1. Going highest first, how would you order 136-145, 347-356, 244-253 by mean Cβ packing within 10 Å?
2. How big is segment 221-397 by Rg and Dmax over its Cα atoms, in Å?
3. So what's the back-of-envelope 222 nm ellipticity for the chain, counting only DSSP H runs of four-plus at -39500 (n - 2.57) apiece and dividing by all residues, rounded to 500?
4. Count the net charge of all other residues whose Cβ sits under 13 Å from the Cβ of Glu6, scoring Lys and Arg as +1 and Asp and Glu as -1.
5. Return the FRET efficiency for the residue pair Thr373, Val273: r is the Cβ-Cβ distance, R0 is 25 Å, and the value is rounded to the nearest 0.05.
6. Could you calculate the contour length gain from Thr106 to Arg13, that is, 0.36 nm times the residue separation minus the distance between their Cα atoms, to one decimal place in nm?
7. For segment 13-95, give the magnitude of the charge dipole about the Cα centre (Cβ charges: +1 Lys/Arg, -1 Asp/Glu; no others), in debye to the nearest 20.
8. Place a +1 charge on the Cβ of each Lys and Arg in segment 221-397 and a -1 charge on the Cβ of each Asp and Glu, then give the dipole magnitude about the Cα centre in debye, rounded to the nearest 20.
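All of the numbers you see were taken from the coordinates with simple rules; none came from a lab. These numbers were taken from a predicted model, which means no experiment stands behind them. Cβ placement follows ideal geometry from the backbone for every residue including glycine, while neighbour counts extend to all protein chains displayed.
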Amino acid sequence: MSLTRESATTLLRWRLVLGSEAERAAPMMGLSGLLGDPMLDQESLGGMAQGEVEELDETLEFVYGQSRTTGLTTYIPKWLERVRHFFTSDVVALVQKDAIEKKGLTRLLFEPETLPYLEKSPDLVATLLAARSLVPDEAKEMARGIVREVVEELRRKLQTQTRTAILGAVKRHSRSPFKVARNLDWRRTVQRNLHTYDPRKRRLVPESFHFLANQRRQGEWDVVILVDQSGSMAVSVVYSSVMAAIFASLDVLKTRLAFFNQDTVADMTPHLVDPVEILFSAQLGGAENYNLALDYAKEHFITRPEKTLLLFITDLFHTAGDNARFLQQVQELVESHVKFLVLLKLSDAGQPSYNRDLAQQVTSLGGHCFGSTPRLLIEIVERILKHQPYDHLARNSTQ
């Protein structure tokens, strides 16, 4: 049977997607036969030579098919190099994650020979932290360096937006009688003097000037961040640590951070200057007790409920505590005017998997439950500080 160029290309793509299992099910799906079709040229192969297509197939087969089980130590660096050659960085991170989860390659991926080839991402950091006992001694410094590199990159991306949003929200109503040039509130001055605009000269001639307060008020709001350390929240632990460190760098916020599991609550606040230290102090895995965490927060962190934002970071799969008491605590916090937000996931990718029944109950009590990106969290915190509604943002993020 002769195929058109389009049909031959489509069939080849399906063969690459389905892997070698397709060959066993239908002999016509043999890779060598498909590549030998005279209708296929380099353009229809995406600009790749025939040998590159075979390498691509082998690369995918290693993760998603019946791949080799011997000689992995020497093969993995070569495989990682190929993955980086064929795919963009976001796809590399996904394939890498699948290799760890589907093939149980955690130990091999963390060997000194392999680490330099890994795509650095929050997912990789979460895996490194969860399996750090498997990292060989000679690779531990390299692994720590990877964690620091990812953390610093996240911090660099998020810090400016956070500072601008939070400081702008807090300074919004702070005006000063002291007329100092560096404190000039340009935006308000322009807004209040628009009527003085001279079209002929194309300039504004202000009649009045407005100034911001010289000093920001210290600790305008308390931000309490409680993070579930169970394995399903590992990536959220990474983002939470970075966001907590950024919040802590702003003097208008008094930031507290604690990690919890079913037995203990660990106050990470003293380490907020270094999120890498925070992450290496985390004990990922196990069950969680929400009541233990909230009891600790009420005793140690919450002193002025009406000025407290509590970020409770968990997927609400409460496996080691009493839900009735948890809901009672949520109700008490909301009634005391604490802003109670459950972040079902804090990450740049993917929808949260969470306990929908418990989320609905928390919402009915006046809390908010939603999955969030760091940037959405910044926007919501800004709106809270400005006393603006944010319910629609929380609802839309989990639909």
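1. 244-253, 347-356, 136-145
2. Expressed in Å, the Cα Rg and Dmax of segment 221-397 come to 14.5, 38.
3. When only DSSP H runs of four or more count, the value is -15000 deg cm²/dmol.
4. Summing Lys and Arg as +1 and Asp and Glu as -1 gives -1.
5. Efficiency, rounded to the nearest 0.05: 0.55.
6. Contour length minus the Cα-Cα distance gives 30.5 nm.
7. Rounded to the nearest 20 debye, it is 280 debye.
8. Value, rounded to 20: 460 debye.
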